[in-house]
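Below: one structure, written as C-alpha coordinates.
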Amino acid sequence: MKKILLILICLTFSLYTLKAQNDVKELLELKLPPLDTLFKGAMKSSMVQFYNYRMEGQELALKTEKRKWLDYFSVFGTYQYGIMGVNSFTNLGTEYPLIYQTSGASQLWYNAGASISIPLDRLFDRRNRIKTQQLKIKETLMEREMWYDEQRQKISEMYYRALEALNTLKYAKEQCVMSDAHLNFAQRDYVMGKITAQDLSAAKGVQVQSYIQMEKLMTELNKSLIGLEILSKIKILNK
(Lines give C-alpha, C1' and ligand atoms only; values in the text may rest on other atoms or scores of the structure.)
Protein backbone atom coordinates (compact mmCIF):
# COMPACT_ATOMS: atom_id res chain seq x y z
CA MET A 1 0.00 0.00 0.00
CA LYS A 2 2.86 2.30 0.84
CA LYS A 3 4.48 1.59 -2.51
CA ILE A 4 1.30 2.40 -4.39
CA LEU A 5 0.88 5.68 -2.48
CA LEU A 6 4.41 6.79 -3.26
CA ILE A 7 4.00 5.96 -6.93
CA LEU A 8 0.69 7.87 -7.10
CA ILE A 9 2.37 10.92 -5.58
CA CYS A 10 5.09 10.71 -8.18
CA LEU A 11 2.58 10.39 -11.01
CA THR A 12 0.57 13.36 -9.73
CA PHE A 13 3.67 15.54 -9.65
CA SER A 14 4.50 14.37 -13.16
CA LEU A 15 1.42 16.23 -14.46
CA TYR A 16 2.81 19.43 -12.97
CA THR A 17 6.26 18.81 -14.43
CA LEU A 18 4.71 18.38 -17.89
CA LYS A 19 3.01 21.77 -17.66
CA ALA A 20 6.17 23.40 -16.32
CA GLN A 21 8.19 21.96 -19.20
CA ASN A 22 5.70 23.41 -21.71
CA ASP A 23 5.87 26.84 -20.05
CA VAL A 24 9.66 26.76 -20.13
CA LYS A 25 9.63 25.77 -23.79
CA GLU A 26 7.50 28.83 -24.65
CA LEU A 27 9.84 31.14 -22.77
CA LEU A 28 12.97 29.68 -24.33
CA GLU A 29 11.49 30.14 -27.81
CA LEU A 30 11.05 33.87 -27.23
CA LYS A 31 13.25 36.20 -29.26
CA LEU A 32 14.10 39.45 -27.52
CA PRO A 33 13.94 42.52 -29.79
CA PRO A 34 17.24 44.38 -30.35
CA LEU A 35 18.10 47.03 -27.80
CA ASP A 36 17.80 49.80 -30.40
CA THR A 37 14.23 48.74 -31.10
CA LEU A 38 13.41 48.85 -27.40
CA PHE A 39 15.03 52.29 -27.10
CA LYS A 40 12.97 53.65 -29.98
CA GLY A 41 9.83 52.17 -28.47
CA ALA A 42 10.46 54.11 -25.26
CA MET A 43 10.02 57.34 -27.24
CA LYS A 44 6.33 56.45 -27.57
CA SER A 45 5.88 56.91 -23.84
CA SER A 46 3.36 59.39 -22.48
CA MET A 47 6.23 61.21 -20.73
CA VAL A 48 7.81 62.06 -24.09
CA GLN A 49 4.46 63.33 -25.30
CA PHE A 50 4.18 65.42 -22.12
CA TYR A 51 7.58 67.03 -22.73
CA ASN A 52 6.70 67.65 -26.38
CA TYR A 53 3.46 69.40 -25.42
CA ARG A 54 5.25 71.54 -22.85
CA MET A 55 7.95 72.49 -25.32
CA GLU A 56 5.34 73.36 -27.95
CA GLY A 57 3.61 75.69 -25.48
CA GLN A 58 6.91 77.36 -24.61
CA GLU A 59 7.73 77.88 -28.30
CA LEU A 60 4.37 79.60 -28.76
CA ALA A 61 5.11 81.75 -25.70
CA LEU A 62 8.44 82.70 -27.29
CA LYS A 63 6.69 83.84 -30.47
CA THR A 64 4.28 85.90 -28.37
CA GLU A 65 7.18 87.47 -26.47
CA LYS A 66 8.92 88.43 -29.71
CA ARG A 67 5.76 90.19 -30.93
CA LYS A 68 5.18 92.19 -27.78
CA TRP A 69 6.91 95.21 -29.33
CA LEU A 70 3.58 95.78 -31.07
CA ASP A 71 2.18 96.81 -27.68
CA TYR A 72 4.15 100.04 -28.05
CA PHE A 73 1.86 101.17 -30.84
CA SER A 74 -1.88 101.76 -30.84
CA VAL A 75 -4.22 102.76 -33.65
CA PHE A 76 -7.68 104.18 -33.12
CA GLY A 77 -10.53 105.38 -35.30
CA THR A 78 -14.20 106.25 -35.13
CA TYR A 79 -16.91 106.29 -37.73
CA GLN A 80 -20.47 107.60 -37.51
CA TYR A 81 -23.18 108.14 -40.04
CA GLY A 82 -26.69 109.56 -39.49
CA ILE A 83 -29.36 112.10 -40.36
CA MET A 84 -29.63 115.29 -38.36
CA GLY A 85 -33.11 116.75 -37.99
CA VAL A 86 -33.82 120.45 -37.19
CA ASN A 87 -37.24 121.68 -36.03
CA SER A 88 -38.09 125.39 -36.32
CA PHE A 89 -41.16 127.68 -36.47
CA THR A 90 -41.92 131.07 -37.96
CA ASN A 91 -44.06 133.73 -36.24
CA LEU A 92 -45.61 136.12 -38.79
CA GLY A 93 -47.70 138.02 -36.26
CA THR A 94 -50.73 137.60 -34.13
CA GLU A 95 -53.00 137.42 -37.06
CA TYR A 96 -51.20 134.39 -38.51
CA PRO A 97 -50.65 130.98 -37.06
CA LEU A 98 -47.21 129.68 -36.21
CA ILE A 99 -45.52 127.92 -39.09
CA TYR A 100 -43.51 124.85 -38.06
CA GLN A 101 -40.72 123.62 -40.27
CA THR A 102 -38.64 120.43 -40.12
CA SER A 103 -35.45 119.94 -42.08
CA GLY A 104 -32.91 117.12 -42.12
CA ALA A 105 -29.62 116.25 -43.74
CA SER A 106 -27.41 113.16 -43.75
CA GLN A 107 -24.03 113.60 -42.15
CA LEU A 108 -20.84 111.48 -41.89
CA TRP A 109 -18.27 111.72 -39.09
CA TYR A 110 -15.00 109.81 -38.93
CA ASN A 111 -11.78 110.11 -37.04
CA ALA A 112 -8.51 108.14 -37.23
CA GLY A 113 -5.15 108.34 -35.55
CA ALA A 114 -2.23 106.49 -33.99
CA SER A 115 -0.14 106.76 -30.85
CA ILE A 116 3.18 105.44 -29.57
CA SER A 117 3.92 104.56 -25.95
CA ILE A 118 7.23 102.88 -25.13
CA PRO A 119 7.80 101.77 -21.51
CA LEU A 120 11.57 101.97 -21.11
CA ASP A 121 11.77 99.10 -18.62
CA ARG A 122 10.05 96.73 -21.05
CA LEU A 123 12.10 98.04 -23.96
CA PHE A 124 15.48 97.42 -22.34
CA ASP A 125 14.37 94.13 -20.72
CA ARG A 126 12.95 92.67 -23.94
CA ARG A 127 16.12 90.75 -24.84
CA ASN A 128 16.28 89.20 -21.36
CA ARG A 129 12.65 88.08 -21.53
CA ILE A 130 13.23 86.46 -24.92
CA LYS A 131 16.43 84.81 -23.67
CA THR A 132 14.59 83.50 -20.59
CA GLN A 133 11.89 81.94 -22.75
CA GLN A 134 14.52 80.35 -25.01
CA LEU A 135 16.22 78.87 -21.96
CA LYS A 136 12.91 77.35 -20.83
CA ILE A 137 12.67 75.55 -24.16
CA LYS A 138 16.23 74.25 -23.82
CA GLU A 139 15.50 73.21 -20.24
CA THR A 140 12.48 71.16 -21.32
CA LEU A 141 14.50 69.58 -24.11
CA MET A 142 17.25 68.71 -21.64
CA GLU A 143 14.73 67.22 -19.19
CA ARG A 144 13.38 65.02 -21.97
CA GLU A 145 16.88 63.85 -22.87
CA MET A 146 17.70 63.13 -19.22
CA TRP A 147 14.49 61.13 -18.86
CA TYR A 148 15.28 59.23 -22.07
CA ASP A 149 18.80 58.41 -20.85
CA GLU A 150 17.35 57.10 -17.60
CA GLN A 151 14.85 54.94 -19.49
CA ARG A 152 17.58 53.51 -21.70
CA GLN A 153 19.59 52.66 -18.61
CA LYS A 154 16.60 50.85 -17.09
CA ILE A 155 15.88 49.03 -20.36
CA SER A 156 19.52 47.92 -20.66
CA GLU A 157 19.59 46.56 -17.11
CA MET A 158 16.29 44.75 -17.59
CA TYR A 159 17.37 43.44 -20.99
CA TYR A 160 20.60 41.83 -19.77
CA ARG A 161 18.83 40.53 -16.69
CA ALA A 162 16.34 38.80 -19.00
CA LEU A 163 19.17 37.38 -21.14
CA GLU A 164 20.89 36.03 -18.05
CA ALA A 165 17.65 34.44 -16.85
CA LEU A 166 17.09 32.89 -20.28
CA ASN A 167 20.56 31.33 -20.35
CA THR A 168 20.27 30.08 -16.78
CA LEU A 169 16.80 28.71 -17.51
CA LYS A 170 18.26 26.47 -20.23
CA TYR A 171 20.55 24.80 -17.69
CA ALA A 172 17.73 24.59 -15.14
CA LYS A 173 15.58 22.81 -17.71
CA GLU A 174 18.35 20.32 -18.40
CA GLN A 175 18.67 19.72 -14.67
CA CYS A 176 14.93 19.04 -14.45
CA VAL A 177 15.12 16.58 -17.35
CA MET A 178 17.95 14.76 -15.59
CA SER A 179 16.04 14.68 -12.30
CA ASP A 180 12.97 13.31 -14.14
CA ALA A 181 15.06 10.53 -15.67
CA HIS A 182 16.70 9.75 -12.35
CA LEU A 183 13.28 9.56 -10.65
CA ASN A 184 11.94 7.26 -13.36
CA PHE A 185 14.83 4.85 -12.77
CA ALA A 186 14.29 5.12 -9.02
CA GLN A 187 10.58 4.33 -9.39
CA ARG A 188 11.35 1.26 -11.46
CA ASP A 189 14.00 0.09 -9.02
CA TYR A 190 11.64 0.71 -6.10
CA VAL A 191 8.91 -1.41 -7.69
CA MET A 192 11.45 -4.13 -8.32
CA GLY A 193 12.67 -3.89 -4.71
CA LYS A 194 16.19 -2.75 -5.60
CA ILE A 195 15.98 0.46 -3.54
CA THR A 196 14.16 1.55 -0.41
CA ALA A 197 11.39 4.08 0.03
CA GLN A 198 13.96 6.46 1.49
CA ASP A 199 16.02 6.25 -1.70
CA LEU A 200 12.91 6.98 -3.78
CA SER A 201 12.05 9.95 -1.57
CA ALA A 202 15.56 11.30 -2.00
CA ALA A 203 15.25 11.08 -5.80
CA LYS A 204 11.89 12.78 -5.57
CA GLY A 205 13.38 15.53 -3.41
CA VAL A 206 16.05 16.22 -6.01
CA GLN A 207 13.37 16.52 -8.70
CA VAL A 208 11.24 18.88 -6.57
CA GLN A 209 14.20 21.14 -5.82
CA SER A 210 15.18 21.32 -9.47
CA TYR A 211 11.65 22.36 -10.45
CA ILE A 212 11.48 24.91 -7.63
CA GLN A 213 14.68 26.46 -8.95
CA MET A 214 13.30 26.48 -12.47
CA GLU A 215 10.08 28.15 -11.30
CA LYS A 216 12.08 30.90 -9.60
CA LEU A 217 13.99 31.54 -12.81
CA MET A 218 10.76 31.61 -14.83
CA THR A 219 9.28 34.14 -12.40
CA GLU A 220 12.35 36.37 -12.64
CA LEU A 221 12.36 36.11 -16.41
CA ASN A 222 8.67 37.01 -16.66
CA LYS A 223 9.20 40.00 -14.37
CA SER A 224 12.05 41.22 -16.57
CA LEU A 225 10.07 40.73 -19.78
CA ILE A 226 7.01 42.52 -18.41
CA GLY A 227 9.26 45.34 -17.23
CA LEU A 228 10.72 45.63 -20.73
CA GLU A 229 7.22 45.78 -22.21
CA ILE A 230 6.24 48.60 -19.85
CA LEU A 231 9.40 50.61 -20.47
CA SER A 232 9.60 50.12 -24.24
CA LYS A 233 5.88 49.93 -25.14
CA ILE A 234 6.71 46.85 -27.25
CA LYS A 235 4.89 43.53 -26.91
CA ILE A 236 7.27 40.66 -26.09
CA LEU A 237 5.28 37.98 -24.27
CA ASN A 238 2.72 36.00 -26.23
CA LYS A 239 0.17 36.07 -23.41
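The values are calculated or read from the model by the stated rules, or taken from the named source; none is laboratory data. Everything numeric in this text was worked out from a predicted model, so none of it was measured. Counting neighbours? That spans all protein chains shown, and the Cβs are built from the backbone with ideal geometry, glycine included.
Summary table
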| read-out | value |
| --- | --- |
| Any pair with Cβ under 9 angstrom, 6 or more apart, that starts in the range 43-60 at a residue that is over 17 Å from LYS138 (Cβ atoms) and ends at one that is not in a helix (DSSP H, G or I) | MET43/LYS233; LYS44/LYS233; LYS44/ILE234; SER45/LYS233 |
| Residue check, LEU123 under 30 Å from MET55 (Cβ atoms) and at pLDDT 75 or above | no |
| SER179 being at pLDDT 90 or above, in a helix (DSSP H, G or I) and among the small types (Gly, Ala, Ser) | no |
| Tally, over the range 182-206, of residues that are in contact with a helix residue (DSSP H, G or I) (Cβ under 7 Å, 6 or more places away or on another chain), modelled with pLDDT of 85 or more and among the polar types (S, T, N, Q) | 0 |
| Identity of the residue in the range 22-71, charged (D, E, K, R) and closer than 25 Å to ASN238 by Cβ, that ends up surrounded by the fewest Cβ atoms within 10 Å (Cβ to Cβ) | LYS31 |
| Which numbered condition VAL208 fails, given (1) within 19 Å of VAL177 (Cα to Cα); (2) of a type in the set (Val, Ile, Thr); (3) without any contact (Cβ under 8 Å) to a residue 60 or more places away in the chain | (3) |
| Selection count, the range 189-239, where residues are more than 36 Å from the chain's Cα centre (by Cα), in a helix (DSSP H, G or I) and of a type in the set (Lys, Arg) | 1 |
| 1 or more residues more than 30 Å from LEU225 (Cα to Cα) and modelled with pLDDT of 90 or more: qualifying helices (runs of 4 or more DSSP H) within the range 1-115 | 46-66 |
| Cross-chain or 6+ apart pairs with Cβ under 9 Å, the range 138-163 first and under 14 Å from ASN52 (Cβ atoms) and surrounded by fewer than 17 Cβ atoms within 10 Å (Cβ to Cβ), then modelled with pLDDT under 95 and among the aromatic types (Phe, Trp, Tyr) | LEU141/TYR51; GLU143/TYR51; TRP147/TYR51 |
| Filter result for LYS138 (at pLDDT 85 or above, under 30 Å from SER45 (Cα atoms) and in contact with a Gly (Cβ under 9 Å, 6 or more places away or on another chain)) | no |
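Residues checked against (1) farther than 19 Å from LEU228 by Cα; (2) in the same structural domain as ALA42 (by TED's automatic domain parsing); (3) under 31 Å from the mean Cα position of the chain (by Cα):
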{"site": "ASP125", "(1), (2), (3)": "yes, yes, no"}
{"site": "GLN133", "(1), (2), (3)": "yes, yes, yes"}
{"site": "THR140", "(1), (2), (3)": "yes, yes, yes"}
{"site": "GLU143", "(1), (2), (3)": "yes, yes, yes"}
{"site": "GLN153", "(1), (2), (3)": "no, yes, yes"}
